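Below is one structure, written out as structure tokens; comments come after it.
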Amino acid sequence: MQEAAFLILTALAAGSQHGYGIITDVKEISGDRVRLRAATLYTALDRLRADGLITVDREEVVDNRLRRYYRLTPNGSGLLAAEAARLRANADAALRRLNPAGGVI
Amino acid sequence: MSEASLERSYRRLLACYPPHFRAGQGDEMLGVLMASAGQDQRRPGLLDTLDVLRSAAGMRLRSLRSGPENRGWADGLAMFSVLAPLFLVLSSLLGLVWPLRVAHIVVGRHAGTPARLVVEQRFGWNWHQLLGMSGFRIALTGQVVVAALVLLGLRRLALLAIAGSVVYWLAARYWIPYPLQLLTTSIYLLEAAALTVSPGPRHGRHLVNWGHGVVLLLAAGAVQASTLWIHRHWSGAGQQVGEAKPA
């Protein structure tokens, strides 16, 4: 899974979000390291929807502009959990090899 | 005022997306673009513009591959991606068995160009005798490899093989009679495009039938016959037909 997709799914794990909310949340989750641009976001959302990992939760109009909220599907939650576990296992392995004595780095 | 002109600019950019995407998410994305813009921003930033153009190109490509509105084109390109390499192989094989064998390399004014001489002097390679094979046989082998990869449905490897064949042709200054040269170059270009944008040769393979094979054979025969005719009537002075000799 690409990092952008992982971060978008993570942003939606806590609840439904609209496009701009996902952008600001991803920025915060990544510690200001990943700044999604609108087109990148909507390309990723389009794919995630096509793969059945997210779905539209609701729509509203704010200041004459359409705002669409997205949420994770059960498939999306499952895939995010599996990916997070995989990343954690990899990170744990790397840390163990960096510090064979078992202490905290 | 600046907000209105910024919105117009973004709308123009969004026009690059396929219609079905614009209809579904255009307004929503416009809202995000406007929300992400700076307070006094009057026109889209360079990085945002490039991001939209890249994303729109990707969506159009995907739409061409799988969009319901482009199913006819997608099927046609997928079939072309399978049939075109087979056509080239058939045409070359007919050139091998044709009584006057016109599909041989033409040694002319292009032999011994500086680029070729540098390669030969530096690496000691004679491109026309690579691996003990003549230029025509190497080109034919390239065509067979491309056709085999396409039949196996290996799209990326087929693209690599096409690139390799083109590099060989350019490096070896491998020339064949003009109609075949033009036809082969055009087919390789179209084949590369079809492999890139179509749903792929695996899809095309399921659409091809024996009737297409008969049409291919007839077309390859017609090409060889017309090449022979053109070569007899229009070939210029200074060109010889026959296998290339080492420079």
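Data overview
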item	result
Among residues of segment B:39-56, those that are among the small types (Gly, Ala, Ser), part of a helix (DSSP H, G or I) and more than 7 Å from chain A (Cβ to nearest Cβ), counted	1
Residue satisfying condition, being assigned to a helix (DSSP H, G or I), closer than 30 Å to B:Val223 by Cα and touching a residue at least 12 places away in the same chain (Cβ under 8 Å), within set B:Ser81, B:Ser63	B:Ser81
Conditions (1) assigned to a helix (DSSP H, G or I); (2) out of contact with any strand residue (DSSP E or B) (no Cβ under 7 Å at 6 or more places or on another chain); (3) within 11 Å of chain A (Cβ to nearest Cβ): number failed by B:Gly76	(3)
Among residues of segment A:19-39, those that are more than 13 Å from the chain's Cα centre (by Cα) and within 11 Å of chain B (Cβ to nearest Cβ), counted	4
Inter-residue pairs, beta-carbon under 7 Å, first at pLDDT below 65 and in segment B:129-148, second surrounded by 19 or more Cβ atoms within 10 Å (Cβ to Cβ), 6+ apart	B:Leu130/B:Ile138; B:Ser134/B:His128; B:Ser134/B:Ala244; B:Gly135/B:Ile105; B:Gly135/B:His128; B:Gly135/B:Ala172; B:Gly135/B:Tyr174; B:Gly135/B:Ala244
Matching entry among B:Met59, B:Met34, B:Met29 (being within 11 Å of another protein chain (Cβ to nearest Cβ) and out of contact with any Leu (no Cβ under 9 Å at 6 or more places or on another chain))	B:Met59
Subset of segment B:19-58 (residues that are of a type in the set (Lys, Arg) and within 33 Å of the chain's Cα centre (by Cα))	B:Arg22, B:Arg54
Filter result (outside any helix (DSSP H, G or I) and at pLDDT below 90) within segment A:71-100	A:Asn99, A:Pro100
Residue within segment A:54-69 that is surrounded by 14 or more Cβ atoms within 10 Å (Cβ to Cβ), more than 14 Å from every other protein chain (Cβ to nearest Cβ), in contact (Cβ under 8 Å) with a residue 24 or more places away in the chain and not β-branched (Val, Ile, Thr) present	no
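So that you can scan it fast, the table gives a plain yes or no per residue for (1) within 17 Å of B:Met79 (Cβ to Cβ); (2) over 14 Å from the mean Cα position of the chain (by Cα); (3) modelled with pLDDT under 70:
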| site | (1), (2), (3) |
| --- | --- |
| B:Arg156 | no, no, no |
| B:Ala163 | no, no, no |
| B:Leu170 | no, yes, no |
| B:Leu195 | yes, no, no |
| B:Ser198 | yes, no, no |
| B:His206 | yes, yes, no |
| B:Gln224 | no, yes, no |
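The values are calculated or read from the model by the stated rules, or taken from the named source; none is laboratory data. None of the values given here were measured: they were computed from a predicted structure. Don't worry about glycine lacking a Cβ; one is built from the backbone with ideal geometry, like all the others, and counts go over all protein chains shown.
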